[in-house]
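Computed from the coordinates by the stated procedures, all read-outs in this text should not be read as laboratory data. Nothing here was measured: the structure is a model prediction, and the numbers come from that model. FYI the Cβ positions are ideal-geometry reconstructions off the backbone, even for glycines, and counts take in every protein chain you see.
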Amino acid sequence: MQINSIISIVAGSETAKDRRIAVKKSWSKQEKEERRKVAIDSQLRLASLIAFLDTDGSRAKDLKQLSPCG
């Protein structure tokens, strides 16, 4: 895997949107898959915590459950 400096990736970009797109296009397929997996795992964890908060009224217990997501 070739690593480019962030400066060389975004050197020709004039706007923030162009810079974000340039960085995203520099990701390998493996990086994209890993980021997608992390995002899905985070969404599932958040959904389960929301469901938990809806059913349980104990706020102290809720804070302990939310702390690893920080």
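Assorted remarks:
- As a rough footprinting exposure proxy, the listed residues K17, K24 were ranked by other beta carbons within 10 Å of their own, and the order from fewest upward is K17, K24.
- Modelled spin-label separation between S42 and V23, with each label point placed 7 Å from Cα along the Cα-to-Cβ direction: 1.3 nm.
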